[in-house]
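Input: a single structure, listed below in structure tokens.
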Amino acid sequence: MSLTIKLTITPHIINLNLHPKHRVKIPAYSLGFRPKPIYHSNALITILYNNKQPRMSQASVSGSIIKSSLIEPDGGVVVDVIVPESERGSKTLEAESLPKVRLARIDVEWVHVISEGWASPLKGFMRENEYLQSLHFNSLRMGNGTVVNMSLPIVLAIDDETKENIGSSMDVGLVGPDGDLLAILRSIEIYKHNKEERIARTWGTTAPGLPYVEEFVTPAGNWLIGGDLEVLKPIKYNDGLDHYRLSPQQLRKEFDRRQADAVFAFQLRNPVHNGHALLMNDTRRRLLEMGYKNPILLLHPLGGFTKADDVPLDVRMEQHSKVLEDGVLDPETTIVAIFPSPMHYAGPTEVQWHAKARINAGANFYIVGRDPAGMGHPTEKRDLYDPDHGKKVLSMAPGLEKLNILPFRVAAYDTVAKKMAFFDPSRSKDFLFISGTKMRTYARTGENPPDGFMCPGGWEVLVKHYERLQAEEATPAAVSA
């Protein structure tokens, strides 16, 4: 009997096309294939085939073990544009004297993202040169010729009246929705906001019903204003969740404190069910098999704008804490933090942003699954994006070469084993796929999902949330009656 192993090399991923039961995916860098040098070399992996089981062992080079540590941030430094406390008084006085631009809540979220370095090396809202590179190339070219990924335009829109009030001033003060001065925008540039082009290139469609577009792009002003930010103090929301909002620098320090030799990030905007947990725990197992000693999971729910029918952030965070309490994930090897970015639902374009931001936070592995950052088509009964394109795009995206992409296998509810398990096509009829929409329907109607779908404590959080919603919705009707 002979065995043929076919190696298909993409920029980030090695596929070992063995029999399905033995199929594994490991990063290309782990075998030494590198498009360009990276901050720390990744583990060198020897693939052996012994007794029909793939085995991975860590090799040594020049007598020392090569392993992955924290990944270098884009541009080499995590951007921090928060004004030092000693300078806040004078900067605030200066801001008060400048023409003002009033920010919406969505703009404050982007100020937060920029100020902590999630978008490094970006130091402010995009000027036109940066905007065009992001819009057309999904990347920015640095002064030294290197390319960093930047798939979403991070821009600030203003209307005609605000543009006129700014006049010839080179700096403006940014005012939050409650009237507080938040920042100074320096050396500004004002340019046209071509909304149709922005929408078509970011979302790949101009169909009506795109949540971010309808909320924030269509009603926005006809001008964009770019410049360098000086944020007067750290952005806080005072919602009881600020302790979860760890900056990239804080996360990197925590990874160091825990002596992580690999950090794998998992982004989600839904409650964690046991299928998610299976994927995360399996990823850690795979990293241990690759020779890492202490892989740390960054469970990183998105904390900015989400569409109306998504589960609110405070409910999700409470549910995530129950997942750790119930032992579904190990608190010793898991960090739960909030990623402050707003959600675009822009599919393969947006998932690049999600991956890039985690590089800046210190994650060197990124888990990607089916239809990342996707949604249903707003006017047709189909997915807006091909469910497989997100992971394919990540394996080719400019500026993400140093990040290890980990596509995961599909998990579903195994009706025979009565638990979440990896989907087995040979007995597909035994598996039940429970979408986020179906999960929310279960909770809303009070119907319990199958045993083993989610930990009991986490499910109880969701049920209570929808009970509160229904009570609130019934109250106005009762009053009017």
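Every number in this text was worked out from the coordinates using simple rules, so none of it is lab data. The shown structure was predicted, so the numbers you read here are calculated from the model rather than taken from an experiment. Note that we place each Cβ from the backbone using ideal geometry, even for glycine, and neighbour counts take in every protein chain shown.
What the table shows:
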quantity	calculated
Computed FRET value (nearest 0.05) for Ser435 with Asp282, which takes r as the C-beta separation and R₀ as 22 Å	0.60
Per-residue HN-Hα couplings for the stretch 404-410 [Karplus 6.51, -1.76, 1.60; θ = phi - 60°; Hz; x = Gly/Pro]	8, 8, 10, x, 10, 6, 6
Relative contact order computed over the stretch 334-481 (Cα-Cα under 8 Å; 6+ residues apart), in percent	16 percent
Integer Hz, Karplus 6.51/-1.76/1.60 couplings in order for the stretch 258-272, x for Gly and Pro	8, 6, 6, 9, 7, 10, 10, 9, 10, 9, 7, 10, 10, x, 7
Long-range amide H partners of Ala262 with built H, under 5 Å	Asn294, Ile296
Stretch gain in nm, segment Glu196-Ala104, where the contour uses 0.36 nm per residue and the Cα spacing is subtracted	31.0 nm
Which listed pairs, of Lys100/Lys192; Lys236/Lys464; Lys381/Lys429; Lys293/Lys322; Lys100/Lys356, have C-alpha distances above 29 Å, in listed order	Lys100/Lys356
Rounded if a/c under 1.5, otherwise prolate or oblate - the stretch 302-406, Cα gyration tensor axes	oblate
Residue among Asn138, Val231, Ala157 farthest towards the positive dipole end of the stretch 90-231, charges placed on Cβ	Asn138
Whole-Hz couplings from phi, Karplus 6.51/-1.76/1.60, listed for the stretch 89-103; x for Gly and Pro	x, 5, 5, 5, 4, 5, 4, 5, 8, 8, x, 10, 10, 8, 9
